[in-house]
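This report refers to the structure that appears directly beneath it.
The values are calculated or read from the model by the stated rules, or taken from the named source; none is laboratory data. Quantities reported herein were computed from a predicted structural model and do not represent experimental measurements. As a convention, Cβ positions derive from the backbone with ideal geometry for all residues, glycine included, and neighbour counts pool all protein chains shown. The accessibility values were calculated without ligands, DNA or RNA, using every heavy atom of the protein model including side chains. Shrake-Rupley method; radii C 1.70, N 1.55, O 1.52, S 1.80 Å.
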Amino acid sequence: MNTSEIPGFYRKTLDERLEIVKTAGNLTAEEAAVVANTGSLEAAMADRMIENVVGGMTLPMGIAVNFLINGKDYLIPMAIEEPSVVAAASNAAKMARSGGGFHAETTDPVMIGQVQIVDVPDPEGAKVRVLEARERLLEVCNERDPVLVKFGGGARDVEARVIETLRGPMLIVHISVDCRDAMGANAVNTMAEAVAPLLEELTGGRVYLRIISNLAVKRLSRARATFPAEALGGDEVVDGILQAYAFAAADPYRCSTHNKGVMNGIDAVVIATGNDWRAIEAGAHSYAAMGGHYKPLTVWEADENGDLVGSIEVPMAVGLVGGATATHPTAKANVKLLGIKTASELAQVIASVGLAQNLAALRALATEGIQRGHMSLHARNIAVMAGAEIDEVDEVVERLVAEKVIRVDRAQEILAEMRGK
Ligand code: NAD
């Protein structure tokens with residue numbers, strides 16, 4: 001490649017862009033065709049969703065089974081590249097089922113829009129003037145989104161704080177917006193921008209940022225489930241899981257991985273339904289760190305019968321309208337498959353999957369270790385990495401697992417032997 005500066009790249013057609021990339025990247029016709037494949041998403045649609053589109057990137061999608069949430073059965077689509085996540089969620093859901101399934105609920109779907117005001121002569125006085133003007137501010141916001149108001153949502157409240165920063169005191173105004181079935185970023189950002197002139201007038205300061213906060217503390221999703229000790233494999237397994245939880249609660253190195261396991265389940269459903277997984281990730285981890293100490297997103301306890309009780313509480317800004325949820329054909333089909341009617345119901349399903357995923361990981365870690373369960377799935381990846389063709393994969397996997405040596409170099413040796421025959 002000579003240069004990555006390509007004037008007017010965004011103005012070219014998708015085919016023209018692909019041709020440029022193919023030449024620059026020395027791609028074969030076959031490789032270019034793979035890049036160009038947009039799967040279920042029409043190329044023209046992909047081209048309208050983001051910029052500089054040349055193709056698509058497909059992920060496997062599996063269905064998690066056995067989920068019973070608030071007495072309703074769900075088949076749950078999960079889009080993820082990591083082996084064993086879908087199997088683990090299904091397995092945990094089966095164990096939860098024997099304890100009555102998951103119970104989930106949500107707060108109202110309220111998001112926060114932030115407005116940053118600097119150079120305010122009297123920050124504390126300005127704060128009170130802003131709070132006094134609450135009704136006017138809410139009116140200005142709601143005029144911007146009559147559709148959201150029609151669906152029962154809209155701006156609900158105004159809060160203000162003076163914060164100390166590297167650049168001196170700032171007045172930060174929060175607008176709380178009930179987003180109903182939208183994730184709400186566009187809706188909230190529009191409102192935050194709309195109230196900025198009035199806030200400058202009220203405070204005598206200058207507005208800079210006007211943007212949604214992903215720390216969605218007013219849009220929480222909670223789920224709980226009882227996993228009978230017997231279904232888990234006995235009292236020792238319950239004890240092992242409680243030891244693992246105590247470790248995560250006390251140590252950020254472990255807690256990071258504990259929460260990663262939770263997000264394995266959460267992200268996969270968020271992606272399958274076309275939602276913004278970066279927003280969910282940002283919200284989850286900032287919520288976990290809110291007390292100034294990074295904490296597990298789940299809590300594990302034993303009840304009076306010695307059964308394991310798990311619970312989760314996590315911000316869950318997901319929508320059914322807006323974003324890719326309403327445009328991506330696979331996301332639309334997945335929402336239909338889930339049989340959900342509201343964004344809150346989707347949030348409940350997602351929190352339940354996060355809890356199930358965490359249980360499965362903790363149980364595996366506290367018993368035989370994670371690698372044994374992962375072995376044949378991991379071996380498949382290794383076989384492909386070693387260059388196995390589709391019809392060779394099974395035999396390579398079988399031999400790697402039998403030898404308990406799951407390594408690329410061994411897979412290559414096995415392949416060479418097979419091909420030498
Ligand atoms: P949107 O603006 O496309 O759709 C929301 C709008 O749909 C509402 O404002 C409302 O007018 C209308 N609507 C119709 N029926 C509705 C119903 N039943 N409930 C609620 N609203 C209804 O989408 P959005 O949800 O405002 O924004 C989501 C997008 O914003 C995502 O693609 C996200 O990636 C992106 N985004 C995220 C961030 C962030 O997270 N920090 C920042 C900017 C943009």
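Tally the residues that are more than 24 Å from residue 97 (Cα to Cα) and surrounded by 13 or more Cβ atoms within 10 Å (Cβ to Cβ), restricting the search to region 291-308.
Pass one, region 291-308, residues more than 24 Å from residue 97 (Cα to Cα): 291-295.
Next cut, surrounded by 13 or more Cβ atoms within 10 Å (Cβ to Cβ) only: 294-295.
Within region 291-308, residues that are more than 24 Å from residue 97 (Cα to Cα) and surrounded by 13 or more Cβ atoms within 10 Å (Cβ to Cβ) number 2.
Hey, among 155, 126, 133, 160, which residue is in contact with a helix residue (DSSP H, G or I) (Cβ under 8 Å, 6 or more places away or on another chain) and within 14 Å of the ligand (Cβ to nearest atom)? Of the residues listed, the single one that is in contact with a helix residue (DSSP H, G or I) (Cβ under 8 Å, 6 or more places away or on another chain) and within 14 Å of the ligand (Cβ to nearest atom) is 155.
Just wondering, is there one or more residues in region 140-149 that are crowded, with 21+ Cβ neighbours inside 10 Å, within 16 Å of the ligand (Cβ to nearest atom) and in a helix (DSSP H, G or I)?
Keep residues of region 140-149 that are crowded, with 21+ Cβ neighbours inside 10 Å, which gives 141, 145, 148.
Narrowing the set further to residues that are within 16 Å of the ligand (Cβ to nearest atom) leaves 141, 145, 148.
Now restrict to residues that are in a helix (DSSP H, G or I): 141, 148.
The answer is yes; a qualifying residue exists.
The criterion of at least 1 residues that are under 21 Å from residue 136 (Cβ atoms) is met by the following strands (runs of 3 or more DSSP E) wholly inside region 155-257: 168-178, 206-213.
Here is the figure for region 291-320: residues that are over 17 Å from the mean Cα position of the chain (by Cα) and within 16 Å of the ligand (Cβ to nearest atom) total 0.
Between 180, 210, 219, the distinction of being of a type in the set (Lys, Arg), touching a residue at least 40 places away in the same chain (Cβ under 8 Å), under 30 Å from residue 359 (Cβ atoms) and within 16 Å of the ligand (Cβ to nearest atom) belongs to 219 only.
For residues that are assigned to a loop (DSSP other than H, G, I, E, B) and closer than 13 Å to residue 352 by Cα, tally how many sit in region 292-317.
Looking only at region 292-317, we keep the residues that are assigned to a loop (DSSP other than H, G, I, E, B), and these are 292-297, 303-307, 316-317.
Okay, now just the ones that are also closer than 13 Å to residue 352 by Cα, so 297, 316.
Looking only at that region, the number is 2.
In region 284-312, the residues that are without any contact (Cβ under 8 Å) to a residue 60 or more places away in the chain form Cβ pairs under 6 Å with partners that are open to solvent by 60 Å² or more (accessible area, probe 1.4 Å), at six or more places apart or across chains, as follows: 288/295; 294/252.
Report yes if some residue within region 266-288 is in a loop (DSSP other than H, G, I, E, B), charged (D, E, K, R) and loosely packed, with under 15 Cβ neighbours inside 10 Å; otherwise report no. Looking for residues that are in a loop (DSSP other than H, G, I, E, B), charged (D, E, K, R) and loosely packed, with under 15 Cβ neighbours inside 10 Å, one finds none in region 266-288, hence no. The residue of region 186-207 that is surrounded by the fewest Cβ atoms within 10 Å (Cβ to Cβ), among those that are near the ligand (Cβ under 10 Å from one of its atoms) and among the β-branched types (Val, Ile, Thr), is 190. Quick check on my filter: what residues within region 247-260 are open to solvent by less than 50 Å² (accessible area, probe 1.4 Å) and either more than 30 Å from residue 332 (Cα to Cα) or out of contact with any strand residue (DSSP E or B) (no Cβ under 9 Å at 6 or more places or on another chain) (or both)? 248, 249, 251, 254, 255, 258 - these are the residues of region 247-260 that are open to solvent by less than 50 Å² (accessible area, probe 1.4 Å) and either more than 30 Å from residue 332 (Cα to Cα) or out of contact with any strand residue (DSSP E or B) (no Cβ under 9 Å at 6 or more places or on another chain) (or both).
Being open to solvent by 10 Å² or more (accessible area, probe 1.4 Å) and closer than 26 Å to residue 319 by Cα is the requirement here; does residue 367 meet it? Criteria not met by residue 367. Of everything listed in (1) in contact (Cβ under 8 Å) with a residue 24 or more places away in the chain; (2) surrounded by 15 or more Cβ atoms within 10 Å (Cβ to Cβ), the single unmet condition for residue 339 is (2).
Residue 319 fulfils the conditions (1) of a type outside the set (D, E, K, R); (2) in contact with a helix residue (DSSP H, G or I) (Cβ under 8 Å, 6 or more places away or on another chain); (3) closer than 19 Å to residue 82 by Cα except for a single criterion, (3). For region 404-421, a tally of residues being in contact with a helix residue (DSSP H, G or I) (Cβ under 7 Å, 6 or more places away or on another chain) and either part of a helix (DSSP H, G or I) or over 13 Å from residue 386 (Cα atoms) (or both) returns 6. Taken together, the residues in region 155-180 that are buried (at least 23 other Cβ atoms within 10 Å of the Cβ) and closer than 30 Å to residue 340 by Cβ amount to 5. The residues of region 64-115 that are open to solvent by 10 Å² or more (accessible area, probe 1.4 Å), outside any strand (DSSP E or B) and not small (Gly, Ala, Ser), listed by number, are 70, 80, 81, 82, 83, 86, 91, 94, 95, 97, 107, 108.
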